[in-house]
1. How many of the residues in the range 1-25 are surrounded by 15 or more Cβ atoms within 10 Å (Cβ to Cβ) and hydrophobic (A, V, I, L, M, F, W, C)?
2. Condition (residue is under 16 Å from the mean Cα position of the chain (by Cα) and closer than 23 Å to residue 31 by Cα) applied to the range 76-90: is it met by at least one residue?
3. Check the range 168-181 and report whether any residue there is open to solvent by 40 Å² or more (accessible area, probe 1.4 Å), touching a residue at least 24 places away in the same chain (Cβ under 8 Å) and part of a loop (DSSP other than H, G, I, E, B).
4. With the structure loaded, tell me whether residue 48 is more than 19 Å from the chain's Cα centre (by Cα) and either without any contact (Cβ under 8 Å) to a residue 60 or more places away in the chain or more than 26 Å from residue 30 (Cβ to Cβ) (or both) or whether it fails that test.
5. Just the residues that are in a helix (DSSP H, G or I) and farther than 19 Å from residue 92 by Cα, please, taken from the range 39-69.
6. Sort out which residues of the range 137-155 are part of a loop (DSSP other than H, G, I, E, B), hydrophobic (A, V, I, L, M, F, W, C) and open to solvent by less than 10 Å² (accessible area, probe 1.4 Å), and write them in order of number.
7. Please work out if residue 146 is in contact with a Leu (Cβ under 6 Å, 6 or more places away or on another chain), touching a residue at least 60 places away in the same chain (Cβ under 8 Å) and of a type outside the set (Phe, Trp, Tyr).
8. If you scan the range 70-109, which residues turn out to be surrounded by 12 or more Cβ atoms within 10 Å (Cβ to Cβ), part of a loop (DSSP other than H, G, I, E, B), in contact (Cβ under 8 Å) with a residue 24 or more places away in the chain and not β-branched (Val, Ile, Thr)?
Amino acid sequence: IKDDEPGYDLDLFCIPNHYAEDLEKVFIPHGLIMDRTERLARDVMKEMGGHHIVALCVLKGGYKFFADLLDYIKALNRNSDRSIPMTVDFIRLKSYCDIIDTGKTMQTLLSLVKKHKPKMVKVASLLVKRTPRSVGYRPDFVGFEIPDKFVVGYALDYNEYFRDLNHVCVISETGKAKYKA
């Protein structure tokens, strides 16, 4: 997604009234998120071959993407000649890890995971921010690369608010002030 992406007017979507003044725009509509997630599921299945997948969800902000990605993988498992065995687990990190931003948190997590000597490690992230603070880490599967904007919704929060939005939206200054910790 380009840096100057205008996004979509809030009036075009169903946004809860209690957030009406707290958002600038819809940045990535839910339907686009779902379509891209379905494609990522295909890419994951292709890349993993017949290897057993241990899917690890980074809570809390990753839960919607994780659940939707796994739903698409399960559908592919049911509806194709080739299926992949899968187990699921969850991890919660002290550091903020909803989006691949600088990449530092993910690098730390990967070093911990690799201590268990898995055959391979692949990372899928719905969003990766283009930011000058990046350490250069890039996930194996990326939904959208976005400009350095503060986004919420689709389980991404600001002080625990906005997780209930279906779309990825840009928070307004009013929203930041209203829900400041």
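1. Summing the residues that are surrounded by 15 or more Cβ atoms within 10 Å (Cβ to Cβ) and hydrophobic (A, V, I, L, M, F, W, C) in the range 1-25 gives 5.
2. No.
3. So far as the range 168-181 goes, no, none of its residues is open to solvent by 40 Å² or more (accessible area, probe 1.4 Å), touching a residue at least 24 places away in the same chain (Cβ under 8 Å) and part of a loop (DSSP other than H, G, I, E, B).
4. yes
5. 39, 40, 41, 42, 43, 44, 45, 46, 47, 48, listed by residue number.
6. Scanning the range 137-155 gives a single hit, 155.
7. yes
8. If the condition is that a residue be surrounded by 12 or more Cβ atoms within 10 Å (Cβ to Cβ), part of a loop (DSSP other than H, G, I, E, B), in contact (Cβ under 8 Å) with a residue 24 or more places away in the chain and not β-branched (Val, Ile, Thr), then 93, 97, 98, 101, 103 are the ones that fit.
The values are calculated or read from the model by the stated rules, or taken from the named source; none is laboratory data. Just so you know, these numbers come straight off a predicted model, no measurement behind them. No Cβ is skipped: glycine too gets one built from the backbone with ideal geometry, and neighbour counts run over all protein chains shown. With ligands, DNA and RNA removed, areas are computed over all heavy atoms of the protein, side chains included. Shrake-Rupley method; radii C 1.70, N 1.55, O 1.52, S 1.80 Å.
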